[in-house]
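Report on one structure; see the data block that follows.
The values are calculated or read from the model by the stated rules, or taken from the named source; none is laboratory data. This one's a predicted model, so the numbers in the text were calculated from it and none came from an experiment. Here the Cβ positions follow ideal geometry from the backbone for every residue, glycine too, while neighbour counts run over all protein chains shown. Side chains are part of the model used for accessible areas, which takes the heavy atoms of the whole protein and leaves out ligands, DNA and RNA. Shrake-Rupley method; radii C 1.70, N 1.55, O 1.52, S 1.80 Å.
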Amino acid sequence: MRRILALLTALALLLACAVSLADEGKTVYVSDFSAGADGWYGRGASVAPAGGVLKTTGRQDSWNSPGRDFALVPGGYYELGVEVLQEQLDSASFMVSVAHTVNGATSYENLARGTVKKGEWTALKGTYTAGDYDTFTLYVETVGAGTLSFSIRGFTVTAPNGEPAPKPTEPPMVISAVDSMPALKDVYAGKFDFGSCVNMMQAVNPVLMDFVGSQFNIVTPENELKPDAVFDLAASRALVREDETAVAVHFDRAKPLLDWAQANGVKVHGHTLVWHSQTSPEFFREGYSGSGKYVTREVMLGRLENYIKGIMAYLDENYPGVVVSWDVVNEAVDDGPGNLRGSPWLTVVGDDYLHRAFELARKYAPEGTKLYYNDYNTASPNKLNGIYRLLSSLLQEGNIDGYGFQMHHAVGQPTVQQITAAVEKIASLGVSLRVSELDVTCGKPTEAAFTAQAAFYADVMKLILRYADQFEAVQVWGITDDASWRSYAYPLLFDKNRNPKPAFWAVADPDSIK
Ligand code: XIL
């Protein structure tokens, strides 16, 4: 009954806030803010509706903005309009932009631009043919002028050619089980931390982040601390004229999650300093050019040192104590015989590059930071041997603390026996352990598939509980199925409305599944 009431309230709200009408073949969606924020939320800023206007304050970056999720139809053609007012600068440039995601990866496009003079409501208009994306967030940002407060009114999305109506995505459903749902961070308190990865788009959605905070006490930025997000190519190119080892770093993408974690006392696991993937190819080349020669080993080690030093210094200064652990190196072992995978790191530095990375991470990380090597397919026998050899060698230099099992699995693949053998072998090294990226694909979203998935999750948790002394954290790789990097096969604990799936109950109480 409560759930039906909640749904009816949500529907009534939607109808009150939005006028969706058919007019000579046009379909229009209007946010007039007459009855509230109409699903608009602050992206790294605060938004407040009043008298038909939505005001945005507390901005620190140009992308900080009022935004709203829309269910646009890929291929659909839309016209967008909004009026903007600002009272602080003589004039300022604004853009209407879209953030779209596919398989959890976000990209951006600017759709309309305009100059807004002080005190004058100004219309911005643009068009957008929706690409083949899973989700769309429309927002209004400034070009520069990152702290400017401003207001918007009359945001419209029109489908002029009779295409399917642009729909706002449904407001988050009230979760029926929320009162009786245990928090995973509490269930495992005293044993290990329980967490998830969170990406930037999620970090600026306060409703979602309240939910994250209710369940998890540790988060990993899904992409925002990877080398391609942190390495500032343009600024580094400017520096490198003086010194080939100079590196500039920036944290624009990680900031929303770091701010939230700091404000809410949630720990952050850093992912990842050194990786063959999601790393700009220019990082390894002379002058940071796209096609120049690789730099020498010495220069590369200098760059690595400056990179790690810059990251640690920034985080320690701005977020002391927030990032408690790091994946120093990710996925360095190949899937065949278990040797070091071919990568620019191996080519340019040589086969001690992991040792040097751990040495530098130890040198610059605040005391007490746990340093991990992280990899996938640990349960495959050859790779397990390779990882074991690598860890043994790193342990001799004493700069590594632990091993992270990614655990991107499918139901029954690998078998629980294979995973057990892998955990047993790595645990025998006496290192700290974590499940850094847990998800279990289950195919189609049927009851049978969800039941089998729950049983597999329960088995994995029972195994981890047997080694609870060594595990420091278990982190799922995503919050809800729809936002997973493997969303096509429903791998996570919550459905798209944040309702707990059978897998959630299995993780919350593995013994409930025999
Ligand atoms: C994935 C992210 O989830 C995606 O959003 C991104 O497009 C690609 O990377 N192993 C890792 C993670 O260590 O960084 C990867 O994350 C998943 C596999």
*Collect the residues in region 462-492 that are closer than 28 Å to I426 by Cα, open to solvent by 50 Å² or more (accessible area, probe 1.4 Å) and part of a helix (DSSP H, G or I), keeping them in residue-number order.*
K462, L465, R466
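What about D335, is it more than 22 Å from the chain's Cα centre (by Cα) and not hydrophobic (A, V, I, L, M, F, W, C)?
Spelling it out, D335 is indeed more than 22 Å from the chain's Cα centre (by Cα) and not hydrophobic (A, V, I, L, M, F, W, C).
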*Going by the structure shown, is N223 closer than 20 Å to Y319 by Cα and away from the ligand (no atom under 16 Å from the Cβ)?*
no
*Does A92 fit the bill of being touching a strand residue (DSSP E or B) at 6+ places or on another chain (Cβ under 9 Å) and farther than 28 Å from A489 by Cα?*
yes
*Lone unmet requirement of (1) out of contact with any strand residue (DSSP E or B) (no Cβ under 6 Å at 6 or more places or on another chain); (2) assigned to a loop (DSSP other than H, G, I, E, B); (3) open to solvent by less than 50 Å² (accessible area, probe 1.4 Å) for F33*: (1)
*Report the residue count in region 234-265 for those that are in contact (Cβ under 8 Å) with a residue 60 or more places away in the chain and over 15 Å from the mean Cα position of the chain (by Cα).*
6
*Working carefully through the options T101, T137, find the one that is at pLDDT below 90, within 23 Å of E224 (Cα to Cα) and under 28 Å from the mean Cα position of the chain (by Cα).*
T101
*For region 379-414, name all the residues that are of a type in the set (D, E, K, R) and within 16 Å of the ligand (Cβ to nearest atom).*
K383
*asked:* Just the residues that are at pLDDT 95 or above and either β-branched (V, I, T) or within 16 Å of the ligand (Cβ to nearest atom) (or both), please, taken from region 70-97.
replied: V82, V84, V96
*Within region 358-380, how many residues turn out to be assigned to a helix (DSSP H, G or I) and open to solvent by 10 Å² or more (accessible area, probe 1.4 Å)?*
5
*Tell me which of these V240 doesn't satisfy, since it passes every other one: (1) more than 16 Å from the ligand (Cβ to nearest atom); (2) surrounded by 18 or more Cβ atoms within 10 Å (Cβ to Cβ); (3) at pLDDT 95 or above.*
(3)
*For region 181-201, enumerate the residues that are on the phi < 0 side of the Ramachandran plot and either open to solvent by 20 Å² or more (accessible area, probe 1.4 Å) or free of Cβ contacts under 8 Å to residues at least 40 places away in the same chain (or both).*
M181, P182, A183, K185, D186, V187, A189, K191, D193, M201
*Pull up region 493-503, narrow it to residues that are modelled with pLDDT of 95 or more and within 20 Å of the chain's Cα centre (by Cα), then point me to the one that is surrounded by the fewest Cβ atoms within 10 Å (Cβ to Cβ).*
F494
*Would you mind listing the strands (runs of 3 or more DSSP E) fully within region 44-130 where at least 2 residues are open to solvent by 10 Å² or more (accessible area, probe 1.4 Å) and free of Cβ contacts under 8 Å to residues at least 60 places away in the same chain?*
46-50, 91-102, 105-117, 122-129
*When residues of region 314-342 are limited to those that are open to solvent by 10 Å² or more (accessible area, probe 1.4 Å) and among the polar types (S, T, N, Q), the one farthest from the ligand (Cβ to nearest atom)*: N318
*Could you list, in sequence order, all residues of region 434-481 that are within 16 Å of the ligand (Cβ to nearest atom) and without any contact (Cβ under 8 Å) to a residue 60 or more places away in the chain?*
V435, L438, D439, T441, T480, D481
*Taking the residues in region 446-461 that are open to solvent by 20 Å² or more (accessible area, probe 1.4 Å) and touching a helix residue (DSSP H, G or I) at 6+ places or on another chain (Cβ under 8 Å) as candidates, determine which candidate is nearest to A489 (Cα to Cα).*
F450
*Find the residue count for region 256-299, including only residues that are within 16 Å of the ligand (Cβ to nearest atom), open to solvent by less than 20 Å² (accessible area, probe 1.4 Å) and in contact with a Ser or Thr (Cβ under 6 Å, 6 or more places away or on another chain).*
2
